[in-house]
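Q: I have a structure I would like to understand better, so I am pasting it below and will then ask my questions one at a time.
The values are calculated or read from the model by the stated rules, or taken from the named source; none is laboratory data. Computed from a prediction, not measured in an experiment: that's the story for all the values here. Note: ideal-geometry Cβ built from the backbone for every residue, glycine included; neighbour counts use all protein chains shown.
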Amino acid sequence: MIDMQLVFALKGIMNQKGINQRELADMIGKDETVISRWFAGKVGISRSSVELLEKALGEKLIKDKQHNMKKALITGVTGQDGSYLSEFLLEKGYEVHGVIRRNSSDHRERISHLEGTPHFHLHYGHMEDSMSLVKVVTMVRPDEIYNLAAQSHVQVSFDSPEFTADVDATGVLRVLEAVRAAGLENTCRIYQASTSELYGKVEEVPQNENTPFHPYSPYAVAKLYGYWIIREYREAYNMFCCSGILFNHESERRGETFVTRKITLAVARIAQGLQDCLYLGNLGSLRDWGYAKDYVECMWLILQNDKPEDFVIATGVQHSVREFAYYAFKHVGIELEFKGKGLDEIGVCVSDNRHSVHKKDTSLVGKALIKVSPDFYRPTDVVNLWGDPTKAKAKLGWNPNKTSFEELVKIMVDSDMAKVAGEGAAAKVRTNLAEYLEKGIVK
Ligand code: NAP
Ligand code: GDD
């Protein structure tokens, strides 16, 4: 155990100083294979080697504090929530280990600012591959695991139901078994990223911890397995494992195919003359949208609780997709009026007061900026999510209304306005439905 701590400390210092394995080997007069074997956890680092390393690097490898640092392992570290949670835990003084997928190219934009910082480490692992999970859990020996990795898009789960089940359902079981295989079942606390999608075709409004589940997509069915296997291991093996039943939470880091981000990006492009129209599906769908940055605090609070319990995390405020779009456009000075019903509904611009910088020659007044397309309808859609966060407020002392709906919309639109402006003349893209679909834009 102590050896891996040394390895992580060593890697952190090397990252900080921009030293690679070969250079380190030269600095201490050892063969590079010795260092590879330390890094792979195949041999320990002897006391004399530690002294040699400390002298060469001019840094202490083991600081007293390091012995007391809590270790967190985050699956799904490259996702929206994983990136915010990493920042949050690092600030709390944790040593953070993230699991990333091995890909031919790296997509790590959300955590690139953390890479190379002390106490932040990445490991390869896949939710479909037990051995990779056993390896990483055994090597890191975390005090807390946050299991955030998932195929998280509901429409994609209709297109790839088997893959979704493997990752989102069996994947949870693999994490639990990895903890048992590492002999950590009595010490390691586990947070499972559960979801309001479990309520699906809702049987009660608003939804709380006692509302019956009625999953309504392959994603939700897979997540329901995750929820129950966590409960099962809690009861069968007395493990400290809990589910956070989180309602939708968004941010400027949200994936571009989720409806809020799809809207804010389109608003920015339309406002800057790069897009003509936004195509959406069910405008009447209702969600309880919160800010992801506020929600990761709750994941941590759930694991600091005296006993393992499940919690609903939500704002308690509900809005429709139509309202989200209305406020997003309004924030850039475009007023919309919605006309028609169902597939014929359109959002027409009734006043155009865009900031002069973005104002183009032609006014948008009278133009249909939102249209409905059946391409964005789901085989079964969850349309009435509204959470009751009373338990989280009372037991965890969590504030569900730190960031209001209006502030959330503003944060996301402002960020996309800057992003689109920064991209400059990013070709006029996604202007019509045919282009959307041709480009394989996920629904
Ligand atoms: P996200 O942005 O889609 O991130 C998903 C993460 O899972 C990414 O890091 C992804 O890695 C990783 N991943 C996917 N498949 C994997 C696999 N087979 N092996 C290893 N890693 C894999 O999702 P999010 O919004 O941050 O949500 C985090 C978790 O909370 C998810 O489990 C989601 O289902 C759940 N949840 C989210 C919300 C919400 O509103 N955001 C609400 C309730 C529950 P790559 O970067 O390599 O793709
Ligand atoms: N994505 C998308 N695209 N959704 C649309 C569109 C569109 O063009 N038009 C309307 N919607 C509707 C969907 O039908 C759905 O009812 C609602 O907008 C929200 O869709 P998403 O933003 O894709 O999120 P979600 O609610 O299906 O799933 C998210 O939240 C869950 C928690 O409730 C994901 O983050 C899940 O991983 C998470 O569990």
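Q: Given (1) assigned to a helix (DSSP H, G or I); (2) touching a Gly at 6+ places or on another chain (Cβ under 9 Å); (3) at pLDDT 95 or above, identify the lone condition not met by Lys65.
A: (3)
Q: May I ask you to verify whether Ile302 is under 21 Å from the mean Cα position of the chain (by Cα), buried (at least 20 other Cβ atoms within 10 Å of the Cβ) and closer than 22 Å to Val382 by Cβ?
A: no
Q: Looking at Tyr295, Tyr237 in this structure, which one is under 24 Å from Gly171 (Cα atoms) and away from ligand 1 (no atom under 13 Å from the Cβ)?
A: Of Tyr295, Tyr237, the one residue that is under 24 Å from Gly171 (Cα atoms) and away from ligand 1 (no atom under 13 Å from the Cβ) is Tyr237.
Q: Output yes when any residue across the stretch 33-52 is more than 21 Å from Lys135 (Cα to Cα), part of a loop (DSSP other than H, G, I, E, B), more than 16 Å from ligand 1 (Cβ to nearest atom) and in contact with a helix residue (DSSP H, G or I) (Cβ under 7 Å, 6 or more places away or on another chain), and no when none is.
A: Among the residues of the stretch 33-52, not one is more than 21 Å from Lys135 (Cα to Cα), part of a loop (DSSP other than H, G, I, E, B), more than 16 Å from ligand 1 (Cβ to nearest atom) and in contact with a helix residue (DSSP H, G or I) (Cβ under 7 Å, 6 or more places away or on another chain), which makes the answer no.
Q: Name the residues in the stretch 203-234 that are out of contact with any Leu (no Cβ under 7 Å at 6 or more places or on another chain) and within 12 Å of ligand 1 (Cβ to nearest atom), would you?
A: Selection gives Ser217, Tyr219, Ala222, Gly226.
Q: Continuing with this model, one more query. Answer yes or no: is there a residue in the stretch 422-441 that is modelled with pLDDT of 65 or more and not aliphatic (A, V, I, L, M).
A: yes
Q: To continue, here is another question. For the stretch 256-281: of the residues being among the aliphatic types (A, V, I, L, M) and assigned to a helix (DSSP H, G or I), which is farthest from His331 (Cα to Cα)?
A: Val259
Q: Here is a follow-up. So is Ile245 within 29 Å of Gly93 (Cβ to Cβ), assigned to a strand (DSSP E or B) and either hydrophobic (A, V, I, L, M, F, W, C) or within 14 Å of ligand 1 (Cβ to nearest atom) (or both) or not?
A: Judged against the criteria, Ile245 is a match.
Q: Kindly provide the set of residues from the stretch 69-89 that are away from ligand 2 (no atom under 15 Å from the Cβ) and assigned to a strand (DSSP E or B), ordered by number.
A: Lys71, Ala72, Leu73, Ile74 - these are the residues of the stretch 69-89 that are away from ligand 2 (no atom under 15 Å from the Cβ) and assigned to a strand (DSSP E or B).
Q: Based on this model, can you work out whether Ile334 counts as more than 23 Å from Ala268 (Cα to Cα) and of a type in the set (A, V, I, L, M)?
A: No, not satisfied.
Q: Would you point out which residue out of Leu343, Leu278 is away from ligand 1 (no atom under 16 Å from the Cβ), in contact (Cβ under 8 Å) with a residue 24 or more places away in the chain and surrounded by fewer than 17 Cβ atoms within 10 Å (Cβ to Cβ)?
A: Selected residue: Leu343, the only one of Leu343, Leu278 that is away from ligand 1 (no atom under 16 Å from the Cβ), in contact (Cβ under 8 Å) with a residue 24 or more places away in the chain and surrounded by fewer than 17 Cβ atoms within 10 Å (Cβ to Cβ).
Q: Check the stretch 125-147 and report whether any residue there is closer than 28 Å to Ser251 by Cα, in contact (Cβ under 8 Å) with a residue 12 or more places away in the chain and of a type in the set (S, T, N, Q).
A: Yes, the stretch 125-147 contains a residue that is closer than 28 Å to Ser251 by Cα, in contact (Cβ under 8 Å) with a residue 12 or more places away in the chain and of a type in the set (S, T, N, Q).
Q: Another question about this same structure. Can you confirm whether Ala236 is small (Gly, Ala, Ser) and without any contact (Cβ under 8 Å) to a residue 12 or more places away in the chain?
A: Criteria met by Ala236.
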